[in-house]
Amino acid sequence: MLIELRDVFFSYLSHTPFQVQALEGISLSIHRGESIGIVGRTGCGKSTLAQHLNGLLLPEAGQVLVNGIDTRTRGAASKDIRKKVGLVFQYPEDQFFEESVFKEIAFAPRNMGIEGKELEEKVQWAMEMVGLDFTGLKDKSPFELSGGQMRRVAIASILSMQPEVLVLDEPTAGLDPQGKRLILGKLQELREKHGLTLVIISHSMEDLARIVERIIIMDRGKIAFDGSIRQAFSQGDFIKQFGILPPVVSQVASLLRSRGFPVNPEVLTPAELAEEIRVKVMEKKERGSCWVEA
Amino acid sequence: MLGRSVVIGQYVPLDSPIHRLDPRVKILFVGITIVGLFLVEQWLAFLALGVFLLVLMFQAHLPFGYVLRSLKPILFLLLFTLVLHLFFTPGHYLLEYGPIRISLEGLERGLFIIVRLCLLIVATALLTLTTSPVELTDGMEYLLNPFKRWGFPAHELAMMMTIAIRFIPTLLQEADRILKAQKARGMDFESGGLLQRARNLIPLLVPLFINSFKRAEDLAIAMESRCYRGGVGRTRLRVLTMRTGDYVFLLFSLGIVVLVKILPFPW
């Protein structure tokens, strides 16, 4: 078990009249190699939860354990936790300050005390992981890149620490469709080829359907659902009460079912749905009968 | 998220007769009181003005601690003034120890200045604690309006102040976010020597500046698309109107200050 949250409570502006309860008794565990989506309405505590995973925020009650180490441990351990759990904030390109892409990506490993040849290797590796050309881009200013490239530099600037878990807050927000596809593809690759554990906060169910297997639905600081994404999206009515609309594919599947066409409700991608329909149509042809169920 | 309910400035949003006063009146009141404080020379006069301010404070429903807290930043200044006067005023010496001499006149002068400064701060605190920043800038704009004739940019100044105040919470929120983002990249803001700590500010300040410039551009476009073209011919949402109470208060405080000045206090 990589990360474990035990009954975590957290509130902003505590001990003032403006106190806002952000997390109310969150318990969950994240295992190595998993890919998890966190969804819910704005203000439901997703980002607060994300910041607990690497110890940026510390629970008021309860415990967060990363590799068995409490995030409240001070000193070297806390730095180690930040290295193991890389957190990519929303609009991460807002944090750029260096004059070159290389320096920007080298910032995190430098803070970890890595210099010289090893540093260059890490930066190069991180850039390759997100599909950026090392020699062509390393000396450019991060501010003259396109939106999609900036986002990838920002992700690379966390990857360069070689974290075990990558937590991303809205990684595709504000990108064009091509930029979105590219980033999702790279994240998928990182997980499949390098065993990176992914935790993705998103409002785009389509994005999550592509790369995530487990989904956590949050509602007013609590976990409302924690399970397989196929299961969640096949229960459109249940998840709607938490402000979540399943992706179009799932909606089409459930519409087909409600009209008597028995497709599997747990299809996630257009390809899966198409295949499901093809198979069902072929079956019908073979049997030469009607598929309307009793 | 952190910045969303940060209280700006010192304003305590309550409902009291003092809160309801026209901001212009309150600004003028502070002006009058400050002039009064610098004109009077007797202890009893100070006492009278002190009591007057205290009464207003209770009228404003302000807890005593709030007003005291506004004195905290100038504590050092107060002590410094006292020490300076104690040691460097010639006269009847109370204590002599080598070159260090404390005179009776020094003690009196020192305490005098301290009381004057304290009352000054309390008077301004009465304004800032009971007037929201928006009201304050509105009032300033009105009061500075006559000087427009000589090219004084009253509206522009007030608009700048309003915008600055408006963006304080935004900036705080942004700083918090960037700080966390850099911490997530292993930045250590807490350790290191003075030079290292100063250098540590770069990853915080550079993004903060860049984002502020971007935001300023956006704001300019947003204002222009709502046809903002400076103060000429602009009407207001909140029109400040002087009520009878406002005039009464203004005359009353003016009267008190004048009275305190001309009354022949024995000491």
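We did not get these values from a lab; they are worked out from the coordinates using the rules stated. Source: prediction; values computed, not measured. Here the Cβ is made from the backbone with ideal geometry for all residues, glycine too, and neighbour counts use every protein chain on show.
A few remarks follow.
- For chain A, the longest principal axis of the Cα atoms and the long axis of helix A:248-258 meet at an angle of about 20 degrees.
- What you get for the stretch A:247-294, charging only the Cβ of Lys and Arg (+1) and of Asp and Glu (-1), is a dipole of about 220 debye around the Cα centre.
- Average partner coverage of B:186-192, which counts Cβ from other chains inside 10 Å: 4
- The protein assembly as shown - Rg and Dmax from Cα coordinates, angstrom: 32.4, 121
- Counting every alpha-carbon pair across the stretch B:16-81, the share separated by more than 17 Å comes to 57%.
- Percent of C-alpha pairs per 10 Å bin in the stretch A:74-166, short distances first: 18, 54, 25, 3, 0.
- Selection from B:Ala164, B:Ala220, B:Trp267, by position along the positive dipole direction of chain B (Cβ): B:Ala220
- Theoretical ellipticity at 222 nm over chain B - DSSP helices of four or more residues, -39500 (n - 2.57) apiece, nearest 500: -22000 deg cm²/dmol
- With both labels modelled 7 Å from their Cα along Cα-to-Cβ, the B:Leu77 to A:Gln235 distance reads 6.4 nm.
- In a fully extended conformation the segment linking B:Asp15 and B:Phe87 would gain 21.3 nm over its present Cα-Cα distance, using 0.36 nm per residue.
- For the stretch A:3-246, the share of DSSP beta bridges that are antiparallel, to the nearest 5, is 55%.
- With each label modelled as a point 7 angstrom along the Cα→C-beta vector, the A:Ser228-A:Ala274 pair spans 2.4 nm.
- Cα-based helix-to-principal-axis angle, B:133-144 vs chain B, degrees rounded to 10: 70 degrees
- Taking 0.36 nm per residue of sequence separation and removing the Cα-Cα distance, the B:Glu41/B:Leu172 pair yields an extension gain of 42.7 nm.
- When each of A:Lys140/A:Lys180; A:Lys84/A:Lys140; B:Lys180/B:Lys214; A:Lys79/A:Lys103; A:Lys46/A:Lys84; A:Lys83/A:Lys193 is checked by Cα-Cα distance, pairs over 24 Å: A:Lys84/A:Lys140
- The P(r) of chain B has a tail past 31 Å containing 48 percent of all C-alpha pairs.
- When only the Cβ of Lys, Arg, Asp and Glu is charged (+1, +1, -1, -1), the dipole of the stretch B:147-267 relative to its Cα centre reaches about 260 debye.
- C-alpha center-to-center spacing [the stretch A:191-251, the stretch B:161-234] in angstrom: 34 Å
- Taking every residue in A:91-101 and counting other chain Cβ atoms within 10 Å of its Cβ, the average works out to 5.
- Dipole-positive endmost among A:Leu57, A:Gly68, A:Gly136 within the stretch A:3-246 (Cβ charges, Cα centre): A:Gly68
- Per-residue mean of foreign Cβ neighbours for B:170-182 is 3 (Cβ atoms of other chains, 10 Å radius).
- Cα-based shape type of the stretch A:190-292, given that a ≥ b ≥ c are square roots of the gyration tensor eigenvalues and the cut on a/c is 1.5: oblate
- Extension gain (nm, one decimal) between A:Glu24 and A:Val248, 0.36 nm per residue minus Cα-Cα: 77.5 nm
- Ordering of A:48-55, B:225-232, B:151-158 by burial proxy (mean other Cβ atoms within 10 Å per residue, highest first): A:48-55, B:151-158, B:225-232
- The shape of the stretch B:196-267 comes out oblate: with a ≥ b ≥ c from the C-alpha gyration tensor, a/c is at least 1.5 while a/b does not beat b/c.
- Between helix A:101-111 and chain A: long-axis angle, C-alpha atoms, 0 to 90°, nearest 10: 70 degrees
- Computed from the C-alpha gyration tensor, the three semi-axes of the ellipsoid equivalent to the stretch B:102-204 are 38, 30, 13 Å, from longest to shortest.
- Of the residues A:Gly25, A:Ile201, A:Gln188, the one whose Cα sits farthest towards the positive end of the charge dipole of the stretch A:3-246 is A:Gly25 (charges of +1 on Lys and Arg Cβ, -1 on Asp and Glu Cβ, taken about the Cα centre).
- Cβ charges +1 (Lys, Arg) and -1 (Asp, Glu), total dipole of the protein assembly as shown, debye: 840 debye
- Gyration tensor (alpha-carbon) shape descriptor, chain A, a/c threshold 1.5: oblate
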